[in-house]
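Asks: Quick one: the structure is below, and I'll ask about it shortly.
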Amino acid sequence: MLSLQNVIYTYRNKYQTIYAVNNITYNFKSGKLYAIIGKSGSGKTTLLSLLAGLDLPTQGKVLYEDKPTQTMDCDLYRKNKVTVIYQSYNLFPFLTILENVMYPLRLNKVSKKEAAEVAMKKLKSVGLDEQYFKRLPSMLSGGEQQRVAIARALASKADVILADEPTGNLDSENSKNIIGILKRLAHENNYCVIVVTHDLTISEEADVIIRMVDGKIQTE
Amino acid sequence: MYIIAYAINRMKRGIKGCIALTILSLSLVLFLCLLNDTIVKKERRLNEIYKNLDVECVVSNLRGTQTDNLNIKDYIVSLFLSDESTFLGIKDEIPFSSYIKDLKLKLTLKYELLLEGQEVLISAIFSASNLIGQTHLSTDNKVLQESNVVITYFENYTDSLFLSDESVCIVSADQYQTLPKDNEGYCYLRLAVGDSGYSEDVFAEQRLKVVGTYEGDSRNIYCPWEIIKALSVRIMGMLHADSLSFSIKDNRQLDTFKELLARYFTYVDITGTVKDYTASDILTSYEYAITVYDGVLNKTVSRIKDNIDVLEILRPIIIMISLLIGFLASFLFVRNRKQEFAVMRSLGTKKGMVFGEAFIEQFFLGIIGTAIGLIAYYVWYHFEIMPPWGSIIAFLLCYIIGSSIFVSLIVNVKVMAILKEKE
């Protein structure tokens, strides 16, 4: 489904060329929860950016269904194929919860009414009922906001969910809930869920743990 | 279409920020209008002063102590009366006379009153009384209205008769009593006119109708300048004048005209101090002096000019500051929304759409602020002076172009880097 083929990503600092991702080849499959772990600066987030089409590799290819991201319209790719969840939720502060989840649908030209119906379903699927719909993100707890972010991810047509430290700002109970949702999405809804994390609970729940060291991966 | 709905939604929810931006642009637009209004009004006031404040110039003797009985010669009088003037054989582009208005001239000749059929007794003329021709009553102090001498005009005559070329005159009330009238009550004078300075056998006969009287028993007769001018030419073959004064037509031309005056006159300032102009090219020595009463004009004008000069220096600075504020405001607006734009991009929103959303919002707020500023200016000042459209458009462009540049910069940096900033 999503694979990396000899992917190298470099950037230059003041003194030298840094290999943030160093010749990684890997295949991600749907229906599985992957945990990418590693120390700070090991290249986890860079790898996530490459998988999300937010950046392109310096060398090698990121392939989605055998098509390299270099040849794709990356905006369309993010709109329809992959979706990203962030540690700080990154909801639109001026839109209500429902409007936030409707955003990817409206971007895909789904009518307002239909988008609202789908968004409500997605919100309910992550455990947020109607009382939340008209609230602004600032009125929700961190765990609730992260659920909204997941609902927004589910509202797009994507079948790959990328998550960057999704539990980084949450307490243990909320973390557990979020991990439960992500696991369910992988196993029951056949999503390919790739999580970059420091959280050991996630790595324990993951189907595959990918350890990154100095831009390279070590599979466990 | 969704992006427009998004922009409207965002503006509704972020109303405080929108109001702040709107107030900023309306304040700057209003400020630019008021600044322009002040400068233009001061310029208009300056023009009014230049137009309406009369600067009088009076020809005098070289010390500036005598302004009457000067025997001003033909070449000087002609300068002021002719439609063209030459200097050192070269015709002036703008004739001397076109710089002046309200020319006041006076010339006194001698007259002897003749009865019908009476022969002229030449010897009697030159011991006789004065026939004074003038353009304005005020040129002769004896009948000056300000000295409260009451003048009674017959029929529909007024002071303006002195500017006409009618053969009419006014005489003293006492003299009028003694003059013969015709059957209809009109009084016609038959005069033998000469000049005491010329040979005794040169005289001319002139008939004048009496159309008014002045208080007193003087034997002076006052007639229009044109009559005396014609008599002067007939008697002496040339024109001269006792006194000459005038006002400047366009005070903005004063300095240029002073240079022309320096060809013929030395200069006496209003304190009585004689100052030489640069030596005349055609006159070996000056025969007359001139006093230019421009003190009030200079004082009034210099004060307003100083104000205008300061404002004119400030104007480009203020406009530049306004443009800079517009630019900075748009930068801050965009910077505050950096995260939001990055989220939009990460969800697959095209750069053009992000740019469009920011542009719609910025443009809308800028236009609304500008419109309110202009409406406020209209309500207060009714567009008495048109707004400075150039500066306003430049401000709007800076505001919008600024935000466009910053949005373009932001949507082109790494989305992940922006989104990770908060963590």
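The values are calculated or read from the model by the stated rules, or taken from the named source; none is laboratory data. Keep in mind that this is a model prediction, so the values were computed, not measured. Here Cβ is always computed from backbone atoms with ideal geometry, including for glycine, and neighbour counts include all displayed protein chains.
Asks: Could you give me the residue pairs with C-beta distances under 8 Å whose first residue belongs to segment B:9-33 and is in contact (Cβ under 8 Å) with a residue 40 or more places away in the chain, whose second residue is surrounded by fewer than 15 Cβ atoms within 10 Å (Cβ to Cβ) and in a helix (DSSP H, G or I) wherever it lies, and which are 6+ apart or on separate chains?
Replies: B:G17/B:N336; B:C33/B:Y381
Asks: Check off (1) within 13 Å of chain B (Cβ to nearest Cβ); (2) without any contact (Cβ under 8 Å) to a residue 60 or more places away in the chain for A:A158 and give me the number that stays unchecked.
Replies: Only one criterion is unmet by A:A158, namely (2).
Asks: Within segment A:187-211, take every residue that is of a type in the set (A, V, I, L, M) and either out of contact with any strand residue (DSSP E or B) (no Cβ under 9 Å at 6 or more places or on another chain) or surrounded by fewer than 24 Cβ atoms within 10 Å (Cβ to Cβ) (or both) and give me the one that is farthest from A:N6 (Cα to Cα).
Replies: Going through segment A:187-211, the residues of a type in the set (A, V, I, L, M) turn out to be A:193-196, A:200, A:202, A:206, A:208-210.
Cutting the leftovers down to either out of contact with any strand residue (DSSP E or B) (no Cβ under 9 Å at 6 or more places or on another chain) or surrounded by fewer than 24 Cβ atoms within 10 Å (Cβ to Cβ) (or both) gives us A:200, A:208-210.
On the way: A:L200: 28, A:V208: 20, A:I209: 19, A:I210: 16 Å.
So, considering only residues that are of a type in the set (A, V, I, L, M) and either out of contact with any strand residue (DSSP E or B) (no Cβ under 9 Å at 6 or more places or on another chain) or surrounded by fewer than 24 Cβ atoms within 10 Å (Cβ to Cβ) (or both), the one farthest from A:N6 (Cα to Cα) is A:L200.
Asks: Considering only residues of segment B:7-22 that are facing chain A (nearest Cβ under 9 Å) and assigned to a helix (DSSP H, G or I), which is surrounded by the fewest Cβ atoms within 10 Å (Cβ to Cβ)? Please lay out each step first, then the result.
Replies: Taking segment B:7-22 as the starting set, the residues that turn out to be facing chain A (nearest Cβ under 9 Å) are B:9-14.
If we keep only those that are assigned to a helix (DSSP H, G or I) too, we end up with B:9-13.
Numbers: B:N9: 15, B:R10: 21, B:M11: 19, B:K12: 10, B:R13: 17.
My answer is B:K12.
Asks: Which pairs turn up if I take residues in segment B:349-370 that are free of Cβ contacts under 8 Å to residues at least 40 places away in the same chain and look for partners that are part of a helix (DSSP H, G or I) with beta carbon separation below 6 Å, at least 6 apart in sequence or on another chain?
Replies: As it stands, the answer is B:K350/A:D75; B:F363/B:I400, since those pairs meet every condition given.
Asks: Run B:K101 past the list (1) within 19 Å of B:R234 (Cα to Cα); (2) part of a strand (DSSP E or B); (3) modelled with pLDDT of 85 or more and report the number of the one that doesn't hold.
Replies: Status for B:K101: all satisfied but (1).
Asks: Give the residue, chosen from B:S147, B:S123, B:S127, that is touching a Lys or Arg at 6+ places or on another chain (Cβ under 9 Å), modelled with pLDDT under 85 and surrounded by fewer than 16 Cβ atoms within 10 Å (Cβ to Cβ).
Replies: Values: B:S147 fails: touching a Lys or Arg at 6+ places or on another chain (Cβ under 9 Å); B:S123 fails: touching a Lys or Arg at 6+ places or on another chain (Cβ under 9 Å).
The conditions single out B:S127.
Asks: When residues of segment A:23-49 are filtered for being polar (S, T, N, Q), more than 16 Å from A:T69 (Cβ to Cβ) and modelled with pLDDT of 90 or more, how many remain?
Replies: First pass over segment A:23-49, keeping only residues polar (S, T, N, Q): A:23, A:25, A:27, A:30, A:40, A:42, A:45-46, A:49.
In the following step, the residues that additionally are more than 16 Å from A:T69 (Cβ to Cβ) were identified as A:23, A:30, A:40, A:42, A:45.
Then drop every residue that is not modelled with pLDDT of 90 or more, which leaves A:23, A:30.
Residues flagged as polar (S, T, N, Q), more than 16 Å from A:T69 (Cβ to Cβ) and modelled with pLDDT of 90 or more within segment A:23-49 amount to 2.
Asks: Would a scan of segment A:103-126 turn up a residue that is of a type in the set (S, T, N, Q), within 13 Å of another protein chain (Cβ to nearest Cβ) and surrounded by fewer than 22 Cβ atoms within 10 Å (Cβ to Cβ)? Can you show your working first?
Replies: Of all residues in segment A:103-126, those of a type in the set (S, T, N, Q) come to A:108, A:111, A:125.
Filter again for within 13 Å of another protein chain (Cβ to nearest Cβ), leaving A:108, A:111.
Still in the list and also surrounded by fewer than 22 Cβ atoms within 10 Å (Cβ to Cβ): A:108, A:111.
Yes, segment A:103-126 has at least one match.
Asks: For segment B:332-423, please list each of the helices (runs of 4 or more DSSP H) lying entirely inside it that holds at least 3 residues being at pLDDT 85 or above and more than 18 Å from B:A7 (Cα to Cα).
Replies: Result: B:351-381, B:389-412.
Asks: Could you check segment A:69-98 and list, in sequence order, the residues that are within 7 Å of chain B (Cβ to nearest Cβ) and among the acidic types (D, E)?
Replies: A:D75
Asks: Taking A:E117 as meeting all but one of (1) assigned to a helix (DSSP H, G or I); (2) closer than 25 Å to A:L51 by Cα, write down the number of the exception.
Replies: (2)
Asks: Identify the residue in segment B:174-190 that is charged (D, E, K, R) and in contact (Cβ under 8 Å) with a residue 24 or more places away in the chain and, among all such residues, is nearest to B:V210 (Cα to Cα).
Replies: Of the residues in segment B:174-190, the ones charged (D, E, K, R) are B:174, B:181-182, B:184, B:190.
After this cut, where a residue has to be in contact (Cβ under 8 Å) with a residue 24 or more places away in the chain as well, the list is B:174, B:190.
Numbers: B:D174: 13, B:R190: 11 Å.
Within segment B:174-190, the match that is nearest to B:V210 (Cα to Cα) is B:R190.
Asks: Continuing with the same structure: If I filter segment A:53-98 down to residues being over 14 Å from A:D159 (Cα atoms) and basic (K, R), which single residue comes out as surrounded by the fewest Cβ atoms within 10 Å (Cβ to Cβ)?
Replies: Filtering first and then ranking leaves A:K67.
Asks: Next up: Taking the options B:E384, B:E421, name whichever one is more than 28 Å from A:L54 (Cβ to Cβ), among the acidic types (D, E), touching a residue at least 24 places away in the same chain (Cβ under 8 Å) and surrounded by fewer than 22 Cβ atoms within 10 Å (Cβ to Cβ).
Replies: Working: B:E421 fails: more than 28 Å from A:L54 (Cβ to Cβ).
Going through B:E384, B:E421 in turn, the sole match is B:E384.
Asks: Hey, can you tell me all the residues within segment B:248-261 that are closer than 12 Å to B:F96 by Cβ and assigned to a loop (DSSP other than H, G, I, E, B)?
Replies: Once the filter is applied, which keeps residues that are closer than 12 Å to B:F96 by Cβ and assigned to a loop (DSSP other than H, G, I, E, B), segment B:248-261 yields only B:K249.
Asks: Could I ask something else about it? Look through B:K414, B:K338 and report the one residue that is surrounded by fewer than 20 Cβ atoms within 10 Å (Cβ to Cβ), within 14 Å of chain A (Cβ to nearest Cβ), of a type in the set (K, R) and without any contact (Cβ under 8 Å) to a residue 40 or more places away in the chain.
Replies: Working: B:K338 fails: without any contact (Cβ under 8 Å) to a residue 40 or more places away in the chain.
Exactly one of B:K414, B:K338 is surrounded by fewer than 20 Cβ atoms within 10 Å (Cβ to Cβ), within 14 Å of chain A (Cβ to nearest Cβ), of a type in the set (K, R) and without any contact (Cβ under 8 Å) to a residue 40 or more places away in the chain, namely B:K414.
Asks: A further question on this structure: Tally the residues that are part of a helix (DSSP H, G or I) and either in contact (Cβ under 8 Å) with a residue 12 or more places away in the chain or under 20 Å from A:V21 (Cβ atoms) (or both), restricting the search to segment A:76-97.
Replies: Narrowing segment A:76-97 to residues part of a helix (DSSP H, G or I): A:76-80, A:97.
Okay, now just the ones that are also either in contact (Cβ under 8 Å) with a residue 12 or more places away in the chain or under 20 Å from A:V21 (Cβ atoms) (or both), so A:77-80, A:97.
Residues in segment A:76-97 being part of a helix (DSSP H, G or I) and either in contact (Cβ under 8 Å) with a residue 12 or more places away in the chain or under 20 Å from A:V21 (Cβ atoms) (or both): 5 in total.
Asks: Going residue by residue through segment B:231-254, is there one that turns out to be surrounded by fewer than 16 Cβ atoms within 10 Å (Cβ to Cβ), farther than 20 Å from B:L70 by Cβ and more than 29 Å from the chain's Cα centre (by Cα)?
Replies: Within segment B:231-254 (the criterion being surrounded by fewer than 16 Cβ atoms within 10 Å (Cβ to Cβ), farther than 20 Å from B:L70 by Cβ and more than 29 Å from the chain's Cα centre (by Cα)), the answer is yes, since at least one residue qualifies.
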